[in-house]
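Let me begin by presenting the structure, written as structure tokens, before commenting on it.
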Amino acid sequence: MALQSGEKLPMFIGHIWSKQKSRWTLLGLRLLAFLAAAAATLVMVLNKQTKTFVVATIGTTPVNLTLTAKFHHTPAFVFFAIANGLVSIHNLVMIMMDLLGSKFDYKGFQFPMIASLDMLNLALVSGGANAAAFMAELGKNGNSHARWDKICDKFGPYCDRGAGALIASFLALALMLLISFLSILNHKLVNSSSHNSHNNIIALPN
Amino acid sequence: MEIKEANVRAKAPNKTDKFVLATQICLRIAATATAMAATWVIFTANQTVEVLGMSFDARYSYSPAFKFFAYANAIAFGFSLMSLFFMFFARHALTATIYFFFFLHDLMMMSLVLSGLAAGTAIGMVARDGNGHTGWIKICDRFEKFCDKVTVSMALSYVAVVCLLVLTVMSAGKSRQI
């Protein structure tokens, strides 16, 4: 049974949470998550810096060495870009489905698909953001035990832009967590009002 | 409406319910066991190598990524053990609300372990293959035993993540039905 808009629910949350308000809240959160993930992808993919070092001086002419830092030199950043791209596509598809989906009839199949896809994409963006975060930490601090030098003192703007992409991705991760939680909560609220679920107990024989 | 409520309350537990509950408990045991194994292996993975009179050693605490991976697995083991005991002892009185809290727990744990895995995998790849562009040399040809143990620990952690993912989807499904 669908919930009428504005009807008060007897839940532990204890405030008025109508179906229309929850739908628009979820849609707004998905839009924010899409924007954050897309921003993270774009900033990481376009992240590049070229720098010329003077290595030696022969006579009076300096010997220059040009080094470029690109995102695809590091596998973790490639994974980060792909993961955030996929998550932004997922959120876009979910928004489209929410706005235009009432034309298609797939009610029984809808919930497992949305829940599973949301959780898979949460896992994906979590993996991408954390892998890139620890690679960035390694680039910023180096590792004295493994004799790996830091690179952020030489390529400052590259590291700064990477940090911006990471912040956007962590924002997308927090939003995806919230979206997963709210999406299950909404399904629970919509279905519980007709069954009075907090009184039901499935009893198994001893 | 009263007749409908009475019918729902008096629903006899069928084989499907028992099968789902048994699957949940088995998956929780699997997730707890693999998380514990991964934690144990990474905490005891260390190796000392002598080169030219100087000794170099490798342990998990020398890298922030491996430290995060170890602590994430330890926390996931603790919470999974608690949830296993809770589900086992409360198995006759599981409502939809309790399944919702199981869903939240499984979601958090899966996210945490996956974050640790991603960090460990990223740094592990640098350790195993090096990075020619930044001048980072690989260390796994010197510290073979250490690298093998870290690989084993991560493989176990991947199994734990898959179990937790299936648990999350199952808990979400059960939390809306009843």
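Read the figures in this text as sums done on the coordinates, not as results from a lab. As the structure is a prediction and not an experimental result, all values here were calculated from the model. Cβ coordinates were reconstructed from backbone atoms using ideal geometry, including for glycine residues, and neighbour counts include every protein chain displayed.
Tell me, what is the percent relative contact order of the stretch A:33-185, built from C-alpha pairs under 8 Å that lie six or more residues apart?
Averaging sequence separation for qualifying contacts and normalising by length gives 34 percent for the stretch A:33-185.
Short version: ³J(HN,Hα) in whole Hz for each residue of the stretch B:117-127, in order, from phi by Karplus 6.51 cos²θ - 1.76 cosθ + 1.60 (θ = phi - 60°), x for Gly and Pro, what are they?
My calculation for the stretch B:117-127 gives 4, 4, 4, x, 5, 4, 5, x, 5, 5, 5 Hz in order.
In whole Hz, with x marking every Gly and Pro, tabulate ³J(HN,Hα) for the stretch B:93-110 from phi via Karplus 6.51 cos²θ - 1.76 cosθ + 1.60, θ = phi - 60°.
9, 9, 9, 5, 5, 5, 5, 5, 5, 4, 4, 4, 4, 5, 4, 4, 5, 4
For a footprinting-style exposure proxy, rank B:Asp129, B:Asp17 by other Cβ within 10 Å, fewest first.
Neighbour counts put them in this order, fewest first: B:Asp129, B:Asp17.
Among A:Ala136, A:Ala115, A:Met97, pick out the residue whose Cα is farthest towards the positive end of the charge dipole of the stretch A:28-137, where Lys and Arg carry +1 and Asp and Glu carry -1 on C-beta, about the Cα centre.
A:Ala136
Picking from B:Ile123, B:Ala72, B:Ala172, whose Cα lies most toward the positive end of the charge dipole for the stretch B:35-178 (charges on Cβ: Lys, Arg +1; Asp, Glu -1)?
Result: B:Ala172.
Given charges of +1 on the Cβ of Lys and Arg and -1 on the Cβ of Asp and Glu, with all other atoms neutral, how large is the dipole of the protein assembly as shown about its Cα centre, in debye to the nearest 20?
560
For each of B:Thr121, A:Thr25, count neighbouring Cβ atoms within 10 Å of the residue's Cβ, then give the residues from fewest to most.
If I rank by nearby Cβ atoms, fewest first, I get A:Thr25, B:Thr121.
For labels at B:Thr97 and B:Ile137 in the simple 7 Å Cα→Cβ model, what's the distance in nm?
Here the answer is 6.3 nm between the modelled labels.
Between A:Leu31 and B:Lys15, what is the label-point separation in nm under the 7 Å Cα-to-beta-carbon projection?
5.1
Roughly how big is the stretch B:15-176's charge dipole about its Cα centre, with Cβ charges of +1 (Lys, Arg) and -1 (Asp, Glu), in debye to the nearest 20?
In total the dipole reaches around 540 debye.
Could you pull out the pairs from A:Lys188/B:Lys15; A:Lys70/B:Lys67; A:Lys70/A:Lys140; A:Lys51/A:Lys140; A:Lys21/B:Lys174; A:Lys140/B:Lys138 whose alpha carbons sit more than 20 Å apart here?
In this structure, A:Lys188/B:Lys15; A:Lys70/B:Lys67; A:Lys21/B:Lys174 lie more than 20 Å apart at Cα.
So who's got an amide H within less than 5 Å of the one on B:Asp57, skipping anything under 5 residues away but keeping other chains? H placed 1.01 Å off N, in plane.
Long-range HN contacts for B:Asp57: B:Val49.
Using only Cα atoms, locate the centre of the stretch A:50-94 and the centre of the stretch B:25-42, then give the distance between them in Å, rounded to an integer.
Between the Cα centre of the stretch A:50-94 and that of the stretch B:25-42, the gap is 38 Å.
If you build the Cα gyration tensor of the stretch A:33-185 and take the root of 5 times each eigenvalue, what three semi-axes come out, in whole angstrom, biggest first?
Computed over the stretch A:33-185, the values are 42, 15, 10 Å.
Taking 22 Å as R0, compute the FRET efficiency from the Cβ-Cβ separation of A:Leu100 and A:Leu178 and round it to 0.05.
For A:Leu100 and A:Leu178, the calculated efficiency is 0.40.
Could you calculate the FRET efficiency of A:Phe53 with B:Val51 from 1/(1 + (r/R0)^6), where r is the beta carbon distance between them and R0 is 30 Å, rounded to 0.05?
In this case the efficiency is close to 0.50.
Label the protein assembly as shown by shape, choosing from rounded, prolate and oblate, from the square roots a ≥ b ≥ c of the eigenvalues of the Cα gyration tensor; if a/c is under 1.5 it is rounded, and otherwise prolate applies when a/b is larger than b/c, oblate when it is not.
Since a/c reaches 1.5 but b/c is at least a/b, the shape of the protein assembly as shown is classed as oblate.
Roughly how far apart, in whole Å, are the Cα centres of the stretch B:152-173 and the stretch B:120-139?
Going from one Cα centre to the other spans 27 Å.
Taking the Cβ-Cβ separation of B:Thr44 and A:Lys154 as r and a Förster radius of 30 Å, what is the calculated FRET efficiency to the nearest 0.05?
The value I calculate is 0.20.
If pairing requires two Cys Cβ atoms under 4.7 Å apart, which cysteines of chain B are left without a partner?
Here B:Cys26, B:Cys163 come out as lacking a disulfide-compatible partner, given the Cβ-Cβ threshold of under 4.7 Å.
Go through the stretch A:84-91 residue by residue and turn each phi into a ³J(HN,Hα) via Karplus (6.51, -1.76, 1.60, θ = phi - 60°); whole Hz please, and just put x for glycine and proline.
Listing the rounded values in order: 5, x, 5, 5, 5, 5, 4, 5 Hz.
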